[in-house]
1. Report whether or not V63 is part of a helix (DSSP H, G or I), surrounded by 14 or more Cβ atoms within 10 Å (Cβ to Cβ) and of a type outside the set (S, T, N, Q).
2. Considering only the range 19-47, how many residues are among the hydroxyl-bearing types (S, T, Y) and assigned to a strand (DSSP E or B)?
3. Considering only residues of the range 48-60 that are open to solvent by less than 90 Å² (accessible area, probe 1.4 Å) and in a loop (DSSP other than H, G, I, E, B), which is farthest from T31 (Cα to Cα)?
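The values are calculated or read from the model by the stated rules, or taken from the named source; none is laboratory data. Keep in mind the model is a prediction, meaning the values are calculated, not measured. Positions of Cβ are generated from backbone atoms using ideal geometry, with glycine treated the same way; all protein chains shown enter the neighbour counts. Ligands, DNA and RNA are stripped out before the accessible areas are found, and what is left, the full protein with its side chains, is counted by its heavy atoms. Shrake-Rupley method; radii C 1.70, N 1.55, O 1.52, S 1.80 Å.
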Amino acid sequence: MYQRVNKKLSVDPSQAEVQALVIAALDDVTTSVDKLGKNYYVTNQNRQVQLAINSFNYRLVTVVRVTE
């Protein structure tokens with residue numbers, strides 16, 4: 001999973017840094033959450049990331065950069 005995050009973000013953070021990014025994005029009050037199909041899409045404009053989280057088992061599917 002961490003390799004996919006590293007590839008999508010085009011950086012090479014450690015596992016702890018990826019976990020900190022996810023927790024910080026989820027804790028931020030400016031984060032928006034949308035449910036589309038089987039996934040939750042958690043978007044944080046401050047950190048410029050969008051997390052895709054499976055709605056059945058709550059596992060992180062992927063992370064992508066948001067440029068808007």
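1. No: the conditions fail for V63.
2. 4
3. The residue in question is N57.
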